[in-house]
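The values are calculated or read from the model by the stated rules, or taken from the named source; none is laboratory data. As the structure is a prediction and not an experimental result, all values here were calculated from the model. FYI the Cβ positions are ideal-geometry reconstructions off the backbone, even for glycines, and counts take in every protein chain you see. Only protein heavy atoms, including side chains, enter the accessible area calculation; ligands, DNA and RNA are left aside. Shrake-Rupley method; radii C 1.70, N 1.55, O 1.52, S 1.80 Å.
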Amino acid sequence: MHAWLCESLDGVGALQWRELPTPEPAAGEVRIRIRAASLNFPDLLIVEGKYQFKPTLPFVPGAEFSGHVDAVGAGVTHLKLGDAVAAMGSTGGFGTHACVDASRVLPLPPGFALEDGAAFAFTYGTSHHALIDRAQLQAGETVLVLGAGGGVGTAALQIAKAAGAKVIAATSSDEKCARCLQLGADATLNYSSGNVREALKALTAGKGPDVVYDPVGGDLAEPVFRSIAWRGRYLVVGFAQGSIPSLPLNLALLKGASIVGVFWGDFVKREPRASAAGINQLAQWYAEGKVKPVIDQRLPMSRLAEAYQRMGSRQVVGKLLLLNE
Ligand SMILES: NC(=O)c1ccc[n+]([C@@H]2O[C@H](COP(=O)([O-])OP(=O)(O)OC[C@H]3O[C@@H](n4cnc5c(N)ncnc54)[C@H](OP(=O)(O)O)[C@@H]3O)[C@@H](O)[C@H]2O)c1
């Protein structure tokens with residue numbers, strides 16, 4: 001097998017494409033011949049030692065991938081040789097093969113495209129947990145999605161629409177805003193120019209958004225929280241901008257509003273049944289054509305550095321896929 005090996009925490013430039021012994025799955029694991037892996041924001045952080053989970057060196061990055069089961073460890077009953085599967089872990093995906101704990105591997109339902117399987121659970125699972133579970137989003141409510149062109153952002157846009165909400169897609173460029181309209185947003189807001197509070201007032205007839213989905217953080221958070229509707233829910237999803245914002249708590253009092261944390265990885269571990277129910281609803285919506293990963297580009301696995309550069313410079317709309325032959 002081959003894989004991109006991270007031997008030091010010096011970023012993507014230090015990753016090496018190495019030939020490695022093909023591992024045999026331990027008890028409770030399966031080995032996957034990887035067809036596709038997708039890039040998620042934590043993949044950028046983990047090779048610099050900046051992610052909350054710090055694997056022991058050396059490791060193979062890549063948290064989300066799909067392919068076929070090509071070896072089954074002892075005690076695994078829900079997967080068999082040749083199954084088309086999606087896998088989630090925190091590492092292992094940027095290579096040709098990986099052994100994964102079988103509890104992190106889902107067989108893909110009939111009709112679910114193998115490439116989509118590499119770009120689904122992480123972002124759609126997060127956004128479903130955030131909007132449907134944590135925010136209890138109701139049909140007819142208005143959701144403001146920040147970073148709406150990104151991986152979790154495009155998933156949030158589609159999920160909010162599937163739930164019958166109105167979506168204001170907010171991004172840093174007119175091009176990304178135009179793309180979000182094509183993806184079904186009802187309105188857009190470019191937060192790199194103009195007054196965000198005035199724009200939100202105009203877009204919501206003065207009421208403000210009922211739910212804010214924020215994977216960006218930084219200096220946008222306060223003006224947006226000041227604009228939230230009565231009984232609004234502000235979803236803290238991530239800090240792609242790099243800085244963690246602080247909010248004056250009197251604003252929560254004045255709006256009867258909630259600041260709601262979203263931690264999908266722990267939700268999956270702590271509440272496996274609820275998380276499986278969310279994934280089942282998403283699979284149903286996928287079958288009905290209500291949600292589908294937006295694929296920015298498909299690149300050969302050899303061009304991993306280019307994929308990292310594209311994501312790090314905010315050029316991606318949706319998800320970047322890395323493909324093996
Ligand atoms: N809480 C959870 O359970 C959970 C789960 C998954 C991901 N996340 C977090 O969600 C965030 C987004 O992840 P993602 O995979 O969707 O990433 P992504 O595809 O790169 O999207 C991030 C978006 O953030 C915006 N952004 C603003 N400032 C940025 C900067 N300095 N660098 C890069 N992007 C910037 C960009 O949109 P504009 O250019 O339009 O501003 C970009 O589209 C990350 O912080 C990630 O760790 C959290």
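For the chain, what are the DSSP H helices with axial Cα length of 15 Å or more and mean Kyte-Doolittle hydropathy of at least -0.5?
Working: long enough: 151-162 (17 Å, 0.90); 272-287 (22 Å, -0.17).
In the chain, the long hydrophobic H runs are 151-162, 272-287.
Grouping the Cα pair distances of the range 124-251 into 5 Å bins from zero gives a pair-distance distribution of 2, 12, 25, 27, 23, 10, 2, 0 percent in increasing distance order. Here Lys201 is the anchor, and the lysines within straight C-alpha reach of less than 24 Å, apart from those fewer than 8 places off in the same chain, are Lys161, Lys166, Lys176, Lys255. Per the Cα gyration tensor, the chain maps to an equivalent ellipsoid with semi-axes of 35, 21, 17 Å, ordered largest to smallest. Building the convex hull from the alpha-carbon atoms of the range 125-166 and averaging its projection over directions returns 2.4 nm². Using a cutoff of 8 angstrom between alpha carbon atoms and counting only pairs six or more residues apart, the relative contact order for the range 50-187 works out to 17 percent. Relative to a virtual label point 7 Å from the Cα of Ser173 in the Cα→beta-carbon direction, which members of the range 307-325 show backbone nitrogen distances below 16 Å? Only 307-320 fall inside the zone, counting backbone N under 16 Å.
Which log10 I(q)/I(0) values does the range 142-191 give at q = 0.26 Å⁻¹ under the Debye formula, counting every alpha carbon as one identical point scatterer? The calculated log intensity ratios at q = 0.26 Å⁻¹ are -0.84.
Assuming 0.36 nm per residue, please report the length gained on full extension of the stretch Arg298 to Leu114 beyond their Cα-Cα distance. Kindly include the intermediate steps, with their values, before the conclusion.
Values: separation 184, 0.36 × 184 = 66.24 nm, distance 1.32 nm.
Value of the extension gain: 64.9 nm.
Relative to the compact globular guide of 2.2 N^0.38 Å, what is the alpha carbon radius of gyration of the range 1-119, as a ratio?
Values: Rg = 13.9 Å, N = 119, 2.2 N^0.38 = 13.5 Å.
Working it through for the range 1-119, the quotient is 1.02.
Computed from the C-beta positions of Trp17 and Ser192 and an R0 of 35 Å, the FRET efficiency is 0.45 to the nearest 0.05.
When +1 charges are put on Lys and Arg Cβ atoms and -1 charges on Asp and Glu Cβ atoms, the dipole computed for the chain relative to its Cα centre reaches about 760 debye.
Between beta-carbons, use under 12 Å as the cut-off and find the net charge around Leu251, counting Lys and Arg +1, Asp and Glu -1. Show your work: numbers first, answer last.
Numbers: positive: Arg226, Lys255; negative: Glu222.
So the surrounding residues net to +1.
For the range 66-192, which whole-number percentage of the solvent-accessible area (1.4 Å probe, protein heavy atoms only) is attributable to carbon and sulfur atoms? Walk me through the numbers before you get to the answer.
On the way: 2270 of 4340 Å².
Answer for the range 66-192: carbon and sulfur cover 52 percent of the accessible area.
So, in nm, how far is label Arg33 from label Leu181 when the simple model puts each one 7 Å beyond its Cα toward the Cβ? Here the answer is 4.6 nm between the modelled labels.
With r as the distance between the Cβ atoms of His78 and Leu254 and R0 = 35 Å, compute the FRET efficiency 1/(1 + (r/R0)^6) and round to 0.05.
Details: r = 50 Å, r/R0 = 1.43.
Computed FRET efficiency for Leu254 and His78 comes out at 0.10.
Could you do me a favour and compute the accessible area per residue for the chain, 1.4 Å probe, result in Å²? The partial results should precede the final answer.
Numbers: 14310 Å² over 325 residues.
Accessible area per residue: 44 Å².
All alpha carbon pair distances within the range 266-315 were sorted into 5 Å bins beginning at 0; the resulting P(r) in whole percents reads 4, 16, 14, 12, 11, 19, 21, 3.
Measuring nothing but how far apart in sequence close Cα pairs (under 8 Å, 6+ apart) lie, relative to its length, the chain scores a relative contact order of 16 percent. Over the range 56-208, all Cα pairs binned in 5 Å intervals from 0 give whole-percent P(r) values of 2, 9, 15, 16, 15, 12, 10, 9, 7, 4, 2, 1, 0, listed from short to long.
If you average over every viewing direction, what projected area does the convex hull of the Cα atoms of the range 190-248 give, in nm²?
Working: hull surface 15.8 nm².
With every direction weighted equally, the projected area is 3.9 nm².
Each principal axis of the Cα cloud of the range 45-99 was evaluated for its coordinate range; sorted largest first, these ranges are 36, 20, 16 Å.
Convex hull volume per residue, computed on the Cα atoms of the range 108-198, equals 106 Å³. Taking max minus min of the alpha-carbon positions on each principal axis, the range 176-325 gives extents of 56, 41, 31 Å, largest first.
Geometric descriptor of the range 220-289, per residue, is 143 Å³ (volume of the convex hull of the Cα atoms). Given a Förster distance of 25 angstrom, what is the FRET efficiency for Glu306 paired with Glu24, based on the Cβ-Cβ distance and rounded to 0.05? Calculated transfer efficiency: 0.15. Given the pairs Lys54/Lys292; Lys54/Lys319; Lys50/Lys292, which span a C-alpha to C-alpha distance of over 26 angstrom in this model? Checking Cα-Cα distances, Lys54/Lys292; Lys50/Lys292 exceed 26 Å.
Within 14 Å, Cβ to Cβ, of Gln158, how many net charges do the neighbouring residues add up to if Lys/Arg are +1 and Asp/Glu are -1? Summing Lys/Arg as +1 and Asp/Glu as -1 gives +3.
Available extension along the chain between Asn280 and Ser313 is 8.5 nm, counting 0.36 nm per residue and deducting the alpha carbon span.
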